[in-house]
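The values are calculated or read from the model by the stated rules, or taken from the named source; none is laboratory data. Since the structure is predicted, the reported quantities are computational estimates derived from the model, not experimental observations. Glycine gets a Cβ as well: all are built from the backbone with ideal geometry, and neighbour counts include every protein chain shown. Remember, those area values only see protein heavy atoms, side chains included, never the ligands or the DNA or RNA. Shrake-Rupley method; radii C 1.70, N 1.55, O 1.52, S 1.80 Å.
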Amino acid sequence: MGRVVPVIGLVSAMAEELAAVIDVVHAEEVIEHGGRRYHRGRYAGEDVVCVISRIGKVAAATTVAILLERFRPRAVVMTGLAGGVDPRLAIGDIVIADTLIQHDLDARPLFPRHEIPLLGIAQLPADPALADRLARAAERFIVPPEVAALGITAPRVWRGLIASGDQFFSSSDAVAALRVLLPDTLAVEMEGAAVAQVCHEHGIPFAVARVISDTADHGAALDFARFLRDACGPYARALVEGVLTGVPSGRG
Ligand code: SAH
């Protein structure tokens, strides 16, 4: 028995998306590297490293590559906000990725559209057990007053495809075009599939949960900003705490 207990990596793109977690982690140590701050501490009985990746696929991929290299996590969980593109989704709903795709990756005619060159796949599968735990955490989420104040009363939990790319969706035309291309897409964001690719290539289990902040239409910028300011804290805490209490120990 020693103190060599592999950590769980917790990643969000923006400070607001993980602040509620970082606040309670009381980091023993903050390691700065490449413009990112890796907060090492404990939460819900687990050793964790929290990091804000910043926005976009490159920022997310480089942050997670360093996270894997320096901290050797046994799993990575990304939480944050996303735009809903499936019309059944409402603001406040939670989407757990079963698979993720880079919607802006297109190396045709060398490779089929969306296929990651030389990896041979387009859709990256999340770790099913970790995704199940995130889904259970999402189902246990109890709406606090600050979330109810946005008109969210009974958020639903969805599982399926999340599409990521270096684009903020804020028009119905853009959403319609994406749905022609990838009709199964539930939600769109800017980092998840990049984190998925890095973890997949390193063989590290990962999962992604996104809360719908906007419906990716003309109101997206305003809805997103309001959700980020007023509502993302309780979701982040519930999802992270829920997933941590259920992650298999990997210590046997
Ligand atoms: N206005 C912000 C930029 C936010 S980008 C700023 O000024 O800094 C939106 C972030 O939330 C990204 O990290 C992305 O992953 C997620 N997201 C939420 N809604 C989105 C949408 N409609 N399209 C793409 N990404 C979205």
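Kindly provide the set of residues from the stretch 180-196 that are without any contact (Cβ under 8 Å) to a residue 12 or more places away in the chain and either within 11 Å of the ligand (Cβ to nearest atom) or in a helix (DSSP H, G or I) (or both), ordered by number.
Val180
For the stretch 10-41, which positions are of a type in the set (Gly, Ala, Ser) and either within 19 Å of the chain's Cα centre (by Cα) or surrounded by 19 or more Cβ atoms within 10 Å (Cβ to Cβ) (or both)?
Ser12, Ala13, Ala15, Ala19, Ala20, Gly41 - these are the residues of the stretch 10-41 that are of a type in the set (Gly, Ala, Ser) and either within 19 Å of the chain's Cα centre (by Cα) or surrounded by 19 or more Cβ atoms within 10 Å (Cβ to Cβ) (or both).
Quick one: Asp230 ticks every box in (1) at pLDDT 95 or above; (2) closer than 17 Å to Ala131 by Cβ except a single one, so which number is it?
Here Asp230 clears every test but (2).
Kindly indicate the residue of the stretch 198-226 that is in contact with a Leu (Cβ under 6 Å, 6 or more places away or on another chain) and not in a loop (DSSP other than H, G, I, E, B) and also nearest to Leu67 (Cα to Cα) among those meeting that condition.
It comes out as His202.
Every residue in the stretch 114-127 that is open to solvent by 60 Å² or more (accessible area, probe 1.4 Å), touching a residue at least 24 places away in the same chain (Cβ under 8 Å) and not in a strand (DSSP E or B), please. Give the steps one after another, and end with the answer.
First, the residues of the stretch 114-127 that are open to solvent by 60 Å² or more (accessible area, probe 1.4 Å): 118, 123, 125.
Filter once more, so that each one left must be touching a residue at least 24 places away in the same chain (Cβ under 8 Å): 123, 125.
If the condition is that a residue be open to solvent by 60 Å² or more (accessible area, probe 1.4 Å), touching a residue at least 24 places away in the same chain (Cβ under 8 Å) and not in a strand (DSSP E or B), then Gln123 is the only one that fits.
It is to be established whether one or more residues within the stretch 133-154 are within 16 Å of the ligand (Cβ to nearest atom), touching a Ser or Thr at 6+ places or on another chain (Cβ under 9 Å) and either assigned to a strand (DSSP E or B) or open to solvent by less than 20 Å² (accessible area, probe 1.4 Å) (or both). Write out each step before concluding.
So the first thing to find is which residues in the stretch 133-154 are within 16 Å of the ligand (Cβ to nearest atom), and the list is 150, 152.
Those left that are additionally touching a Ser or Thr at 6+ places or on another chain (Cβ under 9 Å): none.
No, the stretch 133-154 has no match at all.
State yes or no: is Ala107 away from the ligand (no atom under 16 Å from the Cβ), open to solvent by less than 40 Å² (accessible area, probe 1.4 Å) and out of contact with any strand residue (DSSP E or B) (no Cβ under 6 Å at 6 or more places or on another chain)?
In short, yes.
Determine whether Ala177 is open to solvent by less than 30 Å² (accessible area, probe 1.4 Å) and either assigned to a helix (DSSP H, G or I) or within 16 Å of the ligand (Cβ to nearest atom) (or both). So that I can check it myself, show each step before the final result.
Numbers: open to solvent by less than 30 Å² (accessible area, probe 1.4 Å): no; either assigned to a helix (DSSP H, G or I) or within 16 Å of the ligand (Cβ to nearest atom) (or both): yes.
So Ala177 does not fit the description; no.
Tell me the residue from Gly80, Gly92, Gly160 that is closer than 21 Å to Ile55 by Cβ, open to solvent by less than 50 Å² (accessible area, probe 1.4 Å) and touching a residue at least 40 places away in the same chain (Cβ under 8 Å), please.
Details: Gly92 fails: closer than 21 Å to Ile55 by Cβ; Gly160 fails: closer than 21 Å to Ile55 by Cβ.
Checking each option against the conditions leaves just Gly80.
Only one residue in Phe206, Phe169 is more than 10 Å from the ligand (Cβ to nearest atom) and either of a type in the set (Lys, Arg) or surrounded by 24 or more Cβ atoms within 10 Å (Cβ to Cβ) (or both). Which one?
The match here is Phe206.
Please determine whether any residue of the stretch 41-59 is assigned to a loop (DSSP other than H, G, I, E, B), in contact with a Gly (Cβ under 6 Å, 6 or more places away or on another chain) and either charged (D, E, K, R) or within 16 Å of the ligand (Cβ to nearest atom) (or both).
Checked against the condition, which is being assigned to a loop (DSSP other than H, G, I, E, B), in contact with a Gly (Cβ under 6 Å, 6 or more places away or on another chain) and either charged (D, E, K, R) or within 16 Å of the ligand (Cβ to nearest atom) (or both), the stretch 41-59 yields no hits at all.
Tell me whether the stretch 84-91 contains one or more residues that are more than 19 Å from Trp158 (Cα to Cα) and away from the ligand (no atom under 15 Å from the Cβ).
No, the conditions are met nowhere in the stretch 84-91.
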